[in-house]
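Colleague: Pasting a structure here, questions to come.
The values are calculated or read from the model by the stated rules, or taken from the named source; none is laboratory data. Keep in mind that what you see is a predicted model, and the values were worked out from it rather than measured. Please note: Cβ atoms are built from the backbone with ideal geometry, for glycine as well, and neighbour counts cover all protein chains shown. These area figures cover heavy atoms from the full protein model, side chains too; ligands, DNA and RNA do not enter into them. Shrake-Rupley method; radii C 1.70, N 1.55, O 1.52, S 1.80 Å.
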Amino acid sequence: MAWLIGLRDLQWGRRRFAIGVVATALVFALGLLMSGVSASFDNEVQRTVRSFGADAWLVRAQSFGPFTGPATIPESSAASVRDVPGVEGADPVAVLRATTETPERANVNLIGVVPGGVGSPAGYQARLLSRGRAAIVDESLGLDVGDRLDLNGAGFRVGALTSGMTYFAGIPTVTVSLRDAQRLGLGGHGPQ
């Protein structure tokens, strides 16, 4: 009988040991997952700034961050930044949010750039943006070149597609001219 009690104790202990191993592995896996998510948000900011072909991003001191709650800076500030020794180029950029109804209702990150300037695509795509009412859209939005794109109720044409141009955990990015972005997101006015 004593051997049966000893065997049951070993079986019970084995079960507790297995539960302990599984629980430890789960906590370790969650820790790795959370550190990976945290690192991806840090990398997202660096990747986004690099996508503009820039080394740095200037924001107003009162801003919560360059993408989460930017405070506007006058467009004229770009000229004074260009005069700083070592600066090769500086242009205003509008970082806004917009809503689209095409292909379905969704939020998008709206980027307004000076065509041919910092953050702007080069060549044909820059000329496309300079004509107005044209957009360069991340393919994750599900549109093709030539499709109509509604942004905050205004009609645009998809002129080109990008791949992997998302931020805020995968929200697609739409790039338009700075003037179009100002009309869409700032009531037609640029930062004064």
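Colleague: Could you list, in sequence order, all residues of region 164-189 that are assigned to a strand (DSSP E or B) and either hydrophobic (A, V, I, L, M, F, W, C) or within 23 Å of Gly123 (Cα to Cα) (or both)?
Modeller: Start the filter on region 164-189 by keeping residues that are assigned to a strand (DSSP E or B), which leaves 166-167, 171-177.
Thr166, Ile171, Pro172, Thr173, Val174, Thr175, Val176, Ser177, listed by residue number.
Colleague: With (1) in contact with a strand residue (DSSP E or B) (Cβ under 8 Å, 6 or more places away or on another chain); (2) free of Cβ contacts under 8 Å to residues at least 60 places away in the same chain; (3) among the hydrophobic types (A, V, I, L, M, F, W, C) as the list, and Leu178 as the residue in question, which single condition is left unmet?
Modeller: (2)
Colleague: Tell me which residues, restricted to region 96-108, are more than 19 Å from the chain's Cα centre (by Cα) and in a strand (DSSP E or B).
Modeller: Filtering region 96-108 down to residues more than 19 Å from the chain's Cα centre (by Cα) leaves 101-104.
Within region 96-108, none qualify.
Colleague: For residues that are over 14 Å from Arg157 (Cβ atoms), open to solvent by 20 Å² or more (accessible area, probe 1.4 Å) and among the β-branched types (Val, Ile, Thr), tally how many sit in region 100-141.
Modeller: Residues in region 100-141 being over 14 Å from Arg157 (Cβ atoms), open to solvent by 20 Å² or more (accessible area, probe 1.4 Å) and among the β-branched types (Val, Ile, Thr): 2 in total.
Colleague: Gly146: touching a Lys or Arg at 6+ places or on another chain (Cβ under 8 Å), exposed (fewer than 12 other Cβ atoms within 10 Å of the Cβ) and not hydrophobic (A, V, I, L, M, F, W, C), yes or no?
Modeller: Working: touching a Lys or Arg at 6+ places or on another chain (Cβ under 8 Å): yes; exposed (fewer than 12 other Cβ atoms within 10 Å of the Cβ): yes; not hydrophobic (A, V, I, L, M, F, W, C): yes.
In short, yes.
Colleague: OK, next. Filter region 50-89 down to residues that are under 23 Å from Thr166 (Cβ atoms), of a type in the set (D, E, K, R) and open to solvent by less than 80 Å² (accessible area, probe 1.4 Å), then give me how many there are.
Modeller: 0
Conditions tested, residue by residue: (1) closer than 14 Å to Ile111 by Cα; (2) among the hydrophobic types (A, V, I, L, M, F, W, C).
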| position | (1), (2) |
| --- | --- |
| Gly132 | yes, no |
| Gly153 | no, no |
| Met165 | yes, yes |
| Phe168 | yes, yes |
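Every residue, every condition in (1) open to solvent by 90 Å² or more (accessible area, probe 1.4 Å); (2) of a type in the set (S, T, N, Q), yes or no:
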{"position": "Phe17", "(1), (2)": "yes, no"}
{"position": "Gly20", "(1), (2)": "no, no"}
{"position": "Val37", "(1), (2)": "no, no"}
{"position": "Val45", "(1), (2)": "no, no"}
{"position": "Thr48", "(1), (2)": "no, yes"}
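Colleague: Test each condition in (1) touching a residue at least 24 places away in the same chain (Cβ under 8 Å); (2) part of a helix (DSSP H, G or I); (3) open to solvent by 20 Å² or more (accessible area, probe 1.4 Å); (4) not acidic (Asp, Glu) for Leu161 and report the one that comes out false.
Modeller: The failed condition is (2).
Colleague: Right, next: Kindly list the number of the only condition in (1) more than 12 Å from Asp180 (Cβ to Cβ); (2) touching a Ser or Thr at 6+ places or on another chain (Cβ under 7 Å) that fails for Ser120.
Modeller: (2)
Colleague: To continue, here is another question. Please go through region 145-166 and give me each residue that is closer than 25 Å to Gly53 by Cα and among the charged types (D, E, K, R), ordered by number.
Modeller: Arg157
Colleague: Taking Ile111 as meeting all but one of (1) assigned to a loop (DSSP other than H, G, I, E, B); (2) closer than 20 Å to Glu75 by Cβ; (3) among the hydrophobic types (A, V, I, L, M, F, W, C), write down the number of the exception.
Modeller: (1)
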